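Contents: one structure, followed by commentary.
The values are calculated or read from the model by the stated rules, or taken from the named source; none is laboratory data. This structure is a prediction, so every number in the text was calculated from the model and none was measured. Here the Cβ is made from the backbone with ideal geometry for all residues, glycine too, and neighbour counts use every protein chain on show.
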Amino acid sequence: MLKRLLLSLLLAACTPLLAEPVIHEFEDLQQVGERAAEGNAPLLVMFSMDFCGYCVRMEEEYLKPMLRSGDYADKVVIGKLKIDRFAPLRDFDGSEVEAEELARRYGIKVTPTLALIAPDGRLLGERLEGIGVADFRWAELDRAIDRALMTLRSTAQR
């Protein structure tokens, strides 16, 4: 009985460590933007498509490790936006918008593309297109996040 109790306590303690992070698909940008605004954080959006092998790699090699590390929790709200979805999305202003229209608005030409977006929908800096080379992509991503945070927080202080 004691062994079972100890084993169940150990499993309960390790479960959060074993849980695979999930990259949520953004469907209601108004709601996500409001949540990001509370933390004065930008959105890190991966524009993706179904059946995009590089998009899966981007999630596995970059986005999920970012969530796992916890280092980005107070810096960005991470999610993805599938540009080939059929159902409309809720835009930052509450209106309905097609995913393809959002992709055009942000100049998305290839998938995956990472974009840092302010809680009100403004693009913050350059887009990071494609999977990139791991060592360089991490540095580019960290620089882009830092710049987006500086831009967002400096405009919030005005």
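Would you please list the contacts, defined by Cβ atoms under 7 Å and residues six or more apart or on different chains, that run from a residue in segment 56-73 that is farther than 11 Å from residue 21 by Cβ to a residue that is of a type in the set (S, T, N, Q)?
none
Determine whether segment 18-27 contains at least one residue that is within 26 Å of residue 154 (Cα to Cα), modelled with pLDDT of 95 or more and not in a loop (DSSP other than H, G, I, E, B).
No, segment 18-27 contains no residue that is within 26 Å of residue 154 (Cα to Cα), modelled with pLDDT of 95 or more and not in a loop (DSSP other than H, G, I, E, B).
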